[in-house]
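S.K.: To start, I am sharing the structure in question, which I have written as structure tokens.
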Amino acid sequence: MEALAPLLVAVSGLPALGIAAWYTSDAAGPHARGIALRWALIALAIFLGAGALYWAGGERTRTTAVVVAMLVAVNALAVSLVLHLRRGDRDAGR
């Protein structure tokens, strides 16, 4: 039962990995490589967070630390993705 939460977190990272794979196609646009990289890093952060949640077990302090670290990592990568997309729009306008 203790492995259920990490398993659900790991499964929730699969769509990010699928989006990264989809953006690796050549038809996705000139900035697709950077977008795919950021989505892959988001999936990696989620998978590592799931592994760390499994490691934390039921200990409240460890679990809280893992969740906070995963939230910071995923949100920082999401901000990086948005900035990359905005920079791509600005470069395309020139």
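The values are calculated or read from the model by the stated rules, or taken from the named source; none is laboratory data. Only a predicted model underlies this, so the values are computations on that prediction, with no experimental measurement involved. Please note that ligands, DNA and RNA were not included when accessible areas were found on the heavy atoms of the full protein model with its side chains. Shrake-Rupley method; radii C 1.70, N 1.55, O 1.52, S 1.80 Å.
S.K.: Angle, helix 60-92 long axis vs. longest principal axis of the chain, Cα atoms, 0 to 90°, nearest 10?
M.R.: Relative to the chain, helix 60-92 is tipped by roughly 0 degrees.
S.K.: Related question: Ignoring ligands, DNA and RNA, please state the percent of accessible area on the chain from carbon and sulfur, probe 1.4 Å.
M.R.: Exposed carbon and sulfur together represent 68 percent of the surface.
S.K.: Here is a further query. Using 0.36 nm per residue, how much length does the chain from Val79 to Ala32 gain when fully extended, once their Cα-Cα distance is taken away? Walk me through the numbers on the way to the answer.
M.R.: On the way: separation 47, 0.36 × 47 = 16.92 nm, distance 1.63 nm.
15.3 nm is the gain from fully extending Val79 to Ala32.
S.K.: Considering only protein heavy atoms, what per residue accessible area in square angstrom results for the chain with a 1.4 angstrom probe?
M.R.: Details: 6440 Å² over 94 residues.
For the chain, the per-residue accessible area is 69 Å².
S.K.: May I pose another question? Would you mind checking the tilt of helix 32-56 against the longest principal axis of the Cα atoms of the chain, expressed as 0 to 90 degrees and rounded to 10?
M.R.: Approximately 0 degrees, to the nearest 10.
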